[in-house]
Amino acid sequence: RACLVIGRSAGLSDVVVRDESVSRAHAAVVHDGPDTFVIDLGSAGGTFIDNEPCGAHRPVRVLDGQMLSLASAPVSYTFRLGAKRKRGAQGAEAGAGLEAKRRRGTL
C-alpha cells in the first residue's frame, strides 16, 4: 500500500499546492493493490473528483482519466492509472501518474 499526501505544507505533504484555499494536509491518494482511492483529510475547502465532493475521511475510488481538484486552487490533477510506475528508493513501486493542469491550460 502506498500513500501520497497533497496539501499546502511542505512539512506535511508529498505534493505541495501553494494556494491559500488548500489545507496544510488536504487529501491523500492511496494505492491499495490494483485500486486507487482519494481521501479528503478533513480539509476546509473540500476535495472533488470530477467536480463531485468527496466526504471527509471517506475513501473514494478513482478511475483512469478522472480529475482531482482541491478547494478553489487553480490547478487540477488527472489520474493516469495505466502510467508506467517507477521504483522508489527502497524498491517499492511509486503511485499512479498524476498529470497537473491549470484550470486554463497546461502547466
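No value in this document is a laboratory result; all are computed from the given coordinates. Values in this document were obtained by computation on a predicted structure and should not be read as measured data. Neighbour counts are summed over all protein chains in view; Cβ atoms, including those assigned to glycine, are modelled from backbone coordinates with ideal geometry.
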Item to complete: Name the long-range amide H neighbours of residue 36: under 5 Å, sequence gap of 5 or more, or other chain; modelled H, no Pro or chain starts.
Response: 62
Discussion item. Please list 3J(HN,Hα) in residue order for region 29-46, calculated via the Karplus relation 6.51 cos²θ - 1.76 cosθ + 1.60 where θ = phi - 60°; whole Hz, with x for glycine and proline.
Written reply: 10, 10, 9, 10, x, x, 9, 10, 10, 10, 10, 6, 8, x, 5, 6, x, x
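Taking a quarter of the surface of the convex hull around the Cα atoms of region 1-76, what do you get in nm²?
On the way: hull surface 18.3 nm².
Its Cα hull, projected and averaged over all orientations, spans 4.6 nm².
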Item to complete: Starting from the amide H of residue 17, placed 1.01 Å from N in the peptide plane, find each other amide H under 5 Å away whose residue is 5 or more places distant or on another chain.
Response: 7, 8
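Net charge near residue 38, counting Lys/Arg +1 and Asp/Glu -1 over other residues with Cβ under 13 Å of its Cβ? Don't skip to the end; give the middle numbers.
Numbers: positive: 58, 61; negative: 32, 35, 40, 50, 52.
Combined, the nearby Lys, Arg, Asp and Glu give -3.
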Worksheet entry | Sites residue 44 and residue 64, calculated FRET efficiency, Cβ-Cβ separation with R0 25 Å, nearest 0.05 | 0.30
Worksheet entry | Ellipsoid semi-axes in whole angstrom, largest first, where each is sqrt(5λ) of the Cα gyration tensor of region 33-86 | 20, 13, 9
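Taking the Cβ of residue 59 as the centre, find all other residues whose Cβ is under 15 Å away and add up their charges (Lys, Arg: +1; Asp, Glu: -1). Can you show the working numbers first?
Values: positive: 1, 58, 61; negative: 32, 35, 40, 52.
That sum, taken over residues with Cβ under 15 Å, equals -1.
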